[in-house]
Amino acid sequence: MKTVKISIIGFGAVGQGVARSILSKREYLKKQGIDLRVVGISDSKGSEINTEGIDIENALLRKKQKGSVAVGTRSALDIIADVEHDIVVEATPTNINNGEPGLGNMRLALKSGKHIVTSNKGPLALHFNELKEAAQDNGLFFRYEATVGGAVPIFNLVHEALAGNRVVGIEGILNGTCNYILTRMSEERMPYDLVLKEAQELGIAETDPTYDVEGIDSAIKLVIIANSIFGLDSTYRDVDVTGITKITPEALELANRNNYVVKLVCEAREGKLTVAPRLVLKRHPLAVGGTQNVASILTDLAGRITISGKGAGSIETASSILSDILYIVRNS
Ligand SMILES: NC(=O)c1ccc[n+]([C@@H]2O[C@H](COP(=O)([O-])OP(=O)(O)OC[C@H]3O[C@@H](n4cnc5c(N)ncnc54)[C@H](OP(=O)(O)O)[C@@H]3O)[C@@H](O)[C@H]2O)c1
């Protein structure tokens, strides 16, 4: 049995999803010969540390009842630097201004000889190549499947299953909130403001939806794709972005009459990065509805390969994180 020790930095929807997935997959992991232990968990108020393995059920219950996992005042940085473990799962909030606190956590993890698995887009949208190179220089893995497309395994698909192919372009719908709004506007012939309100009531859109509806979240994800798959050194400021706030029900109705839907499409091709509303044929693989995400990889040998699935959600995102953890365990 191989003992693998991890920390979970950030214990919100994703961090707790990871904890729940580890609990529900304990037998599966044992059958794979893996004894996966969580030795540190951190939220904004403090941490729990147990070098032999934290009682995960207990930690989840404490978080639910008290609002924090903290049983001490040691910070995430203390866990990363001082507690012996193999992998840091970084799931703190995305900050697109300076990447913090995720960026500092990731830099310290690499300095302390720990592999990184993350769902946090901020540090990757700002300092992708620095983090990738620091990981390589230190012989460590830097895995980030969960940053783009939630459960949809875009990076694994391109880097593993499609190895040997040259990727000519990538098209995707990577923001479930925008896709939900456009789908409802089109199907119910409702105006943007009303559908946004409905999405907010359902918890699909944030109280401040700017980040999603102005296309910023899509642009950040496109940058991570472009840097990872095309080896670019771009940041989200390099993306030509148009959001969905100006789209009218009349435009959608016209599209509909001609067998099209309007989608917020991310595209990376020939070094150019674009996020913009586009007409998509109703039977095209990109024409997914609701909160679904989709990515089409255009390759020289395999042609167009399209995958779609849940772009967000606690357990769905944890699926990508668990897969990255297992990749590291099997390859290190
Ligand atoms: N939710 C999704 O479906 C999804 C999907 C893909 C990617 N992501 C990304 O994954 C990350 C986590 O998302 P989420 O939905 O889990 O966010 P969330 O629910 O807001 O959770 C964030 C967690 O980070 C903790 N935190 C904040 N500052 C911290 C610090 N300095 N040190 C330690 N912990 C700190 C928060 O503490 P408190 O609990 O004390 O507030 C909270 O537990 C984000 O970057 C997000 O963009 C999310």
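The values are calculated or read from the model by the stated rules, or taken from the named source; none is laboratory data. None of the values given here were measured: they were computed from a predicted structure. Methodologically, a virtual Cβ is constructed for each residue, glycine included, from the backbone with ideal geometry; neighbour enumeration extends over all protein chains shown.
Looking at K282, K272 in this structure, which one is of a type in the set (K, R), in the same structural domain as K221 (by TED's automatic domain parsing), loosely packed, with under 15 Cβ neighbours inside 10 Å and without any contact (Cβ under 8 Å) to a residue 24 or more places away in the chain?
K282 is the lone residue from the list that is of a type in the set (K, R), in the same structural domain as K221 (by TED's automatic domain parsing), loosely packed, with under 15 Cβ neighbours inside 10 Å and without any contact (Cβ under 8 Å) to a residue 24 or more places away in the chain.
Any idea which residue in the range 95-120 is surrounded by the fewest Cβ atoms within 10 Å (Cβ to Cβ), counting only those that are more than 9 Å from the ligand (Cβ to nearest atom) and among the charged types (D, E, K, R)? Taking the candidates together, the pick is K111. In this structure, is A109 in a helix (DSSP H, G or I) and farther than 26 Å from G313 by Cα? Considered against the rule, which asks whether it is in a helix (DSSP H, G or I) and farther than 26 Å from G313 by Cα, A109 comes out as no. Would you call D86 more than 19 Å from the chain's Cα centre (by Cα), surrounded by fewer than 24 Cβ atoms within 10 Å (Cβ to Cβ), away from the ligand (no atom under 11 Å from the Cβ) and in contact (Cβ under 8 Å) with a residue 60 or more places away in the chain? When the stated conditions are applied, D86 passes them. Exactly one residue out of I54, I79 is over 30 Å from D212 (Cα atoms), more than 25 Å from the chain's Cα centre (by Cα) and surrounded by 20 or more Cβ atoms within 10 Å (Cβ to Cβ): that is I54. Take R20 and tell me if it is over 26 Å from V148 (Cβ atoms), basic (K, R), at pLDDT 95 or above and more than 11 Å from the ligand (Cβ to nearest atom). It is false that R20 is over 26 Å from V148 (Cβ atoms), basic (K, R), at pLDDT 95 or above and more than 11 Å from the ligand (Cβ to nearest atom).
In a helix (DSSP H, G or I) and more than 13 Å from the ligand (Cβ to nearest atom): does that describe L77? It is false that L77 is in a helix (DSSP H, G or I) and more than 13 Å from the ligand (Cβ to nearest atom). Filtered by the rule that a residue be touching a Gly at 6+ places or on another chain (Cβ under 6 Å) and not in a loop (DSSP other than H, G, I, E, B), the range 191-219 gives a lone residue, V213.
Answer with yes or no whether S296 is within 22 Å of L162 (Cα to Cα) and within 16 Å of the ligand (Cβ to nearest atom). Working first, answer last.
Values: within 22 Å of L162 (Cα to Cα): yes; within 16 Å of the ligand (Cβ to nearest atom): no.
So S296 does not fit the description; no.
Listed conditions (1) surrounded by 17 or more Cβ atoms within 10 Å (Cβ to Cβ); (2) part of a loop (DSSP other than H, G, I, E, B) are all met by L264, apart from (2).
In the range 31-59, how many residues are over 20 Å from N331 (Cα atoms) and within 16 Å of the ligand (Cβ to nearest atom)? Before the answer, list the steps.
Applying the first criterion (over 20 Å from N331 (Cα atoms)) to the range 31-59 yields 39-59.
Those left that are additionally within 16 Å of the ligand (Cβ to nearest atom): 39-49, 54, 56, 59.
Counting residues in the range 31-59 that are over 20 Å from N331 (Cα atoms) and within 16 Å of the ligand (Cβ to nearest atom) gives 14.
The set of residues from the range 16-31 being surrounded by 14 or more Cβ atoms within 10 Å (Cβ to Cβ) and over 14 Å from E57 (Cα atoms) comprises just one member, L29. Looking at (1) away from the ligand (no atom under 13 Å from the Cβ); (2) without any contact (Cβ under 8 Å) to a residue 24 or more places away in the chain, find the lone condition where G67 falls short. Tallying (1) away from the ligand (no atom under 13 Å from the Cβ); (2) without any contact (Cβ under 8 Å) to a residue 24 or more places away in the chain, G67 fails exactly one: (1). On the stretch given as the range 5-33, residues that are outside any loop (DSSP other than H, G, I, E, B), over 8 Å from A91 (Cβ atoms), of a type outside the set (G, A, S) and in contact (Cβ under 8 Å) with a residue 60 or more places away in the chain total 5.
Evaluate the following for P277: is it in contact with a Ser or Thr (Cβ under 7 Å, 6 or more places away or on another chain), under 20 Å from P153 (Cβ atoms) and not small (G, A, S)? It would help to see each step written out before you state the result.
Details: in contact with a Ser or Thr (Cβ under 7 Å, 6 or more places away or on another chain): yes; under 20 Å from P153 (Cβ atoms): no; not small (G, A, S): yes.
The answer is no for P277.
Is at least one residue of the range 136-146 without any contact (Cβ under 8 Å) to a residue 24 or more places away in the chain, assigned to a loop (DSSP other than H, G, I, E, B) and not aliphatic (A, V, I, L, M)? First the steps, then the outcome.
First, the residues of the range 136-146 that are without any contact (Cβ under 8 Å) to a residue 24 or more places away in the chain: 136-137, 139.
Applying the additional criterion that residues be assigned to a loop (DSSP other than H, G, I, E, B) yields 139.
Checking the rest, the ones that are also not aliphatic (A, V, I, L, M) come to 139.
Within the range 136-146, one or more residues are without any contact (Cβ under 8 Å) to a residue 24 or more places away in the chain, assigned to a loop (DSSP other than H, G, I, E, B) and not aliphatic (A, V, I, L, M).
The single condition among (1) more than 8 Å from the ligand (Cβ to nearest atom); (2) in a loop (DSSP other than H, G, I, E, B); (3) at pLDDT 95 or above that T92 does not meet is (1). For the structure I just gave you, tell me whether I244 is crowded, with 16+ Cβ neighbours inside 10 Å and part of a helix (DSSP H, G or I). The answer is no for I244.
Name every residue in the range 131-174 that is more than 16 Å from the ligand (Cβ to nearest atom), crowded, with 16+ Cβ neighbours inside 10 Å and acidic (D, E), in order of residue number. Once the filter is applied, which keeps residues that are more than 16 Å from the ligand (Cβ to nearest atom), crowded, with 16+ Cβ neighbours inside 10 Å and acidic (D, E), the range 131-174 yields only E171.
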